[in-house]
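What follows is a single structure, written as C-alpha cells, with notes after it.
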Amino acid sequence: MVAHKVASRVVASDYMPSLPGGEWSGIPATYLYLFGVWAGLIALAAWVAERRGP
Amino acid sequence: MLSGWFVALLATAYLGLLFAVARFGDARADAGKSIISANVYALSLAVYCTSWTFYGSVGRATSGGLSFLTIYLGPTLMLLCVGVIIKMIRISKAQRITSIADFIASRYGKSQLLAGMVTVIAVIGVVPYIALQLKAMAASVDVLLAHAGNGVEVWGLDSTFLMAVVLAFFSILFGTRHLDATERHEGMVAAVAFESVVKLVAFMAVGLFVTYGLFGGLGDLFQRASASADLGRLLELDSGRAGTWSALIILSGLAIIFLPRQFQIIVVENVDESHLKRAVWLFPLYLLLINIFVLPLALGGLLHFDGQSVNPDTFVLTLPLVHGAEALALLAFIGGLSAATGMVIVETIALSTMVCNDLVMPILLRSTGNFVEKRSDLSGLLLGIRRAAIALILLLGYIYFRAAGEAYALVAIGLISFAAVAQFAPAMFGGMYWKQGTRAGAVAGLLAGFVVWLYTLLLPSFAKSGWIPSGFVEQGLFGIGWLKAQALFGLAGLDEISHSLWWSMLANIGAYVVVSLNSRPDAVEASQAERFVDVFRFDSRNTEARLWRGKASPDALVGLLERFLGAARAGQQLAAYAAARKAGNWRNLPADAEFVQFAEAELAGAIGSASARVMVASVAQEEDLGLEEVLDILDEATQVRAHSRELEAKQHELEAATAELREANERLRELDRMKDDFISTVTHELRTPLTSIRALSEMLHEDPRLELADRRRFLGIIVNEAERLTRLINQILDLARMESGRAEWTTGEVDLGEVARESMATVEQLFRDKGVALDGDIPASGLVVLADRDRLMQVMINLLSNAVKFVAGGTGQVHVNLGAAAGLVRVEVRDNGPGLTTEECSVIFEKFRQGGNTMTDKPQGTGLGLPISRQIVEYFGGNLWVESAPGAGANFIFTVPLPASEDNNGRQTK
C-alpha cells in the first residue's frame, strides 16, 4: 500500500518544478531552459562517452 | 506546378534511391566491408521518429504546447542507462536472439507460450501504429494533390495501397534475404540511416522557412504568439499536466527499447557494442534538432491559419504550399515519406520474424500431419512464411487505416502502442537482473498488464471511436462504478495514459513478483536465468557442457540443420564450427554437449530459441538433469568462478611480491657494488700516503750521506703524510660508525651561533695566512638546537676549511650567515671561489669526490668531509646542500630543526 501510494504520487503528481519565467530576445525562458538543459545533458554524455577512447 | 503524376514519380524515384542505398549496403556487407559505422548506427536509431513525429508533433504542440517534448526526453534519459543496453546486446549475441519475443521466451526456459504472448501483444499494439503511418502518407499525398487540384490512380487502386505494396516489396527484398534472423540487415539499416538524415534536413528546412521566411525569427514568432491568450498558453508549462509529463517520459523511455523495431535496430542489428558510445549522445542530439522548430511551426501555423479549418498535423506541408514554396513542400513530403517508410519497413521485418518463429512455427511443429517432417528443406518455407507475414501485417495495417478513418482509435494509437510494449518491461528487466523471476511469474505479469492495458486504454479508444458501447467507460463494467475503465477503483483525475500506465504496471509487476516468489523454475529456466543475469561472468566453456547430458546422433542434428537452414548454409556453418574446434571436418567431432549447443544456437537464429529447443529435443535423447542437479552445477560454477577470482587476486599479490623482491635484490647488488667501489677507493687513498712515507723512509735509511736539510724536509713530508693517513683512517672509521648506526652522539642544547663563532675563531689563522676575508652575520642568541656540539663544530669547520681551500688568496671572501625561519636554523657559508657545475653540486657529497679537476689538481682533502657533514646534519633532522654556478662562488647551506618552543630574536653582526 505504501509503494502504491508513493508510485501513484509520482505518476499522478501535480507538482511541476518552477521553471524560470520571463523571456530573452522575445524567446520564452521556459523554451530556452528546456532546450538548454537538454543540450547540456547531451554535451555531458558526449564528453563522458568519447573521452574513454575506443 | 505540382501534378499527381509528378508527386507519384518523385515518391517512386525516392524509394528507388532507398533501394540503391540498401543494395549498396548489402553488397558491401557481402564483400566483408560493412558500412555500419557508429554514426550510421546512431542515425538508424532515429527510426523512432515516425510520421507521428514528423507531422504529429506539430499537431500535438498546437494543443499541448511543450508537452510534446516528453516523447523525446524519455529516450534521451533511457540511453544514458548504457549499461542496461550493453547487457541486452551481450545476452542477445550469446543466445542468438532474433526478437524481443525471443529474448523474453529464451530467458524463461525457452517458453513457446511466452514467445507467443509477446508476439500477440506486439502485433495488437503495433499494427494500428503501422496504420497511422499509412494514414500520414495518405494525408500528405492528399494535401499535395488537393493543392495541385488533381489526383493519381492506378488500376483503380488508391495511392496509399500502392505505397503499402511498395513497402512490403522493399521489406521482403531487404528484410528476408537470409533465413538467419540474427544476421544483420545492413542494407536496410543503411537505408534507414539515410532516411533519418533526409527527414531531419526536410523538417529543419521547413522550420527555418517558417521561422525566418514567414516571420522575423524566433523572437518575433513567440512575441506574436504571446500576444494571444490562447497561443500564449502554449508557451508555458501547464502544472495540471505534470503527471502526464512523468508518465510520458517513463513510457517513451521504455518504448525506445521495447518497441519491436527499436529492439531490432538497437540490439539485433548492432554490429559493435562500442557504437553505443556514439549513439548515447548523437541520437539525443538528433532528437533535439528535429524538435527545435516544432513549437515555432505550430505557432506559425496557428497564427497564419487563424480562423481557418486547417489540420495542424499538415502544417509542415501547408505552410510552404500556401506561400508558393512548392519545392520545399516536396522536400517536406519526402521527409514525411522517409519517416513513415523507415518505421513500416523495420517494424514489419521485426514483427514478421516474431510471427514466423513464435506463432506459425510452433503451430507447424505441433501439426499432426507431419507437415514439417515430410519436407527435406524447410528454409524456403520459412522465408515464405516471413514474407507472407510482412505482406499480411501491412495488409492488416491498411485495413485498419481504411476502417478507422479519422477515428480516435487511430489518432491516439501512438501512445497506446507505447503503453502496450511497456508491458514487456518487468519481464525484461526482471529477467536480466533477478534470477528468482520465473516463467509462471512472467506469464502472469504479462497477462495481467495486457488485460489492464486492453481494458483501460485500447477498448476505451474503440468506445470513443463509436465502435463498441461506451458503458464500461462511463458507468463501469456491469454498471459497477469502481470498474470504470478510466477511473479504475476510483482513481480519477488522471489523464488516460497515466491512469493506464499506473494500473497496468501495478498489475504486471505485482503479478510477476508474487507469482515468481511462489513458483519454482524448472532446470532449463534456472540455467537460462544464470546465463542472462550473469552474462558478463558466465563461464560458458566449462558450464555449458555440464548442463546438457544425453545422446545425440550427429547425422540427425546435421539433418535438422540442413532442413531448416538449407544444405549450403548448414554446410558453411558446420565448416566454421569444425574450424573453431580445430578439426578438418565436422564428421570427426563427437556429438557432445557442445555440438548439441551449436546446433541449437544455429537453429535458434532461424526459428527462435523456443522452437529450436523443441526441434533439438526431438532428435536427441536428452537426460533430464532435474532442478537440483542444475542448481548444483550452477552453484559449483559460481564457486569455481569465485575461486578463480581469488586465485587471480593471489597471483596478482604474488607478482607484486616478486617485483618487490627483485627490486630489493637489485638494491643489494647496488650496495655490494658500492661497497667494492668504496674498498677500492679507500685502498687507493691509503696507499698514496703510505707509498710516499715508504719511499722517503727508504731513502733516509739507505743513504746516510743525505744533507741535513734534505733529511729534515723528508721527515717533514713523512710526518705530514702520516698525519694525513691518520686523519683519513679516523674519518673512514667515523663514517663507518655513522653508517652502521654505531656512532656515539652526545645530544644536548647547542647554541649554533656560538658554534659558528667558535669555528670561525678556530680557522681564523688559516684564513689570515692565505689572505682570505672572513665575516659573519650571526644573531647574538636564540639559535639553540638539540644536537651534538662537537659534531656541529666539525661540520662548520669542514665547510669553512673547504671554502678557504677553493677561494683565491688575497681576493677571496667567505661570509657566514645564520638565521631561523619555519622552525629551522639555517646556516650559510658563502664564498666567492670558482663555483661548481650542476653535476659537481650533486657528486661532491659522494665519498672521495672533491671539487675542482681531480685529474690535474692535487687533492686537497680526504674527500670524506662533506659526506660525513651531511650524515651529521641529517642525523639531527636537517639537510645539507650547495647552491652554486661556475664563476659565481658556492653557498653551502645546512639546516637544523629548532625545538618546538624555541623563540628567536636579537641579531649581532661580527
For this session: Could you check, for the range B:348-367, whether at least one of its residues is in contact (Cβ under 8 Å) with a residue 24 or more places away in the chain and of a type in the set (K, R)?
Result: no
Exercise. Out of curiosity, is B:V192 over 30 Å from B:L303 (Cα atoms), under 32 Å from the mean Cα position of the chain (by Cα) and away from chain A (no Cβ under 14 Å)?
Worked result: yes
For this session: Would you mind telling me which numbered condition in (1) more than 14 Å from chain A (Cβ to nearest Cβ); (2) modelled with pLDDT of 90 or more B:D230 fails?
Result: (2)
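From the set of residues in the range B:419-462 that are of a type outside the set (K, R) and in a loop (DSSP other than H, G, I, E, B), which is farthest from B:Q262 (Cα to Cα)?
Within the range B:419-462, the match that is farthest from B:Q262 (Cα to Cα) is B:Q436.
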For this session: Go through the residues of the range B:203-216 one by one and say whether even a single one is away from every other protein chain (no Cβ under 14 Å), surrounded by 21 or more Cβ atoms within 10 Å (Cβ to Cβ) and closer than 28 Å to B:I35 by Cα.
Result: yes
Problem set entry | Residue that is modelled with the lowest pLDDT [pool: residues in the range B:281-313 that are more than 19 Å from B:L208 (Cβ to Cβ) and buried (at least 24 other Cβ atoms within 10 Å of the Cβ)] | B:D313
For this session: Sort out which residues of the range A:24-48 are within 7 Å of another protein chain (Cβ to nearest Cβ) and farther than 18 Å from B:L287 by Cα, and write them in order of number.
Result: A:S25, A:G26, A:I27, A:P28, A:T30
For this session: From (1) β-branched (V, I, T); (2) over 30 Å from B:R96 (Cα atoms); (3) more than 10 Å from chain A (Cβ to nearest Cβ), pick out the condition that doesn't hold for B:I266.
Result: (2)
Seminar exercise, completed: Residue count, the range B:201-220, condition under 16 Å from B:F54 (Cβ atoms) and free of Cβ contacts under 8 Å to residues at least 24 places away in the same chain, comes to 0
For this session: Report, by residue number, each residue of the range B:496-521 that is more than 10 Å from chain A (Cβ to nearest Cβ) and touching a Gly at 6+ places or on another chain (Cβ under 6 Å).
Result: B:S504, B:A507, B:N508, B:A511, B:Y512, B:V515, B:S516
Exercise. Is the range B:273-293 home to any residue that is assigned by TED's automatic domain parsing to the domain that holds B:T50, outside any helix (DSSP H, G or I) and over 30 Å from B:F215 (Cβ atoms)?
Worked result: yes
Exercise. Could you say which residue among B:L15, B:L2, B:L43, B:L10 is under 30 Å from B:L321 (Cα atoms) and at pLDDT below 85?
Worked result: B:L2
Exercise. Checking B:R261 against (1) buried (at least 23 other Cβ atoms within 10 Å of the Cβ); (2) within 7 Å of another protein chain (Cβ to nearest Cβ); (3) not β-branched (V, I, T), which test does it fail?
Worked result: (2)
For this session: Output yes when any residue across the range B:320-335 is in contact with a Lys or Arg (Cβ under 9 Å, 6 or more places away or on another chain), outside any loop (DSSP other than H, G, I, E, B) and at pLDDT 90 or above, and no when none is.
Result: yes
For this session: Within the range B:63-80, identify whether any single residue is modelled with pLDDT under 90 and under 30 Å from B:F598 (Cβ atoms), and answer yes or no.
Result: no
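A quick yes/no check of all residues on (1) under 27 Å from B:A529 (Cα atoms); (2) in contact with a Ser or Thr (Cβ under 7 Å, 6 or more places away or on another chain); (3) hydrophobic (A, V, I, L, M, F, W, C); (4) touching a residue at least 60 places away in the same chain (Cβ under 8 Å):
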residue: B:F68; (1), (2), (3), (4): no, yes, yes, yes
residue: B:L79; (1), (2), (3), (4): yes, no, yes, yes
residue: B:G83; (1), (2), (3), (4): yes, no, no, no
residue: B:S92; (1), (2), (3), (4): yes, no, no, yes
residue: B:R96; (1), (2), (3), (4): yes, yes, no, yes
residue: B:F103; (1), (2), (3), (4): yes, yes, yes, yes
Exercise. Counting only residues that are under 19 Å from the mean Cα position of the chain (by Cα) and among the small types (G, A, S), how many does the range B:39-53 have?
Worked result: 1
Exercise. Here are B:A448, B:A440, B:A487: which of them is outside the structural domain of B:V120 (by TED's automatic domain parsing) and free of Cβ contacts under 8 Å to residues at least 24 places away in the same chain?
Worked result: B:A487
For this session: Please state which of the following conditions B:R278 fails to meet, knowing it meets all the rest: (1) crowded, with 24+ Cβ neighbours inside 10 Å; (2) at pLDDT 90 or above.
Result: (1)
Exercise. Where in the range B:693-809 are there helices (runs of 4 or more DSSP H), lying fully within it, with 1 or more residues that are at pLDDT below 85?
Worked result: B:708-740
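The values are calculated or read from the model by the stated rules, or taken from the named source; none is laboratory data. Keep in mind it's a predicted model, so treat the numbers as computed, not measured. Backbone-built Cβ (ideal geometry, glycine too); neighbour counts: all protein chains shown.
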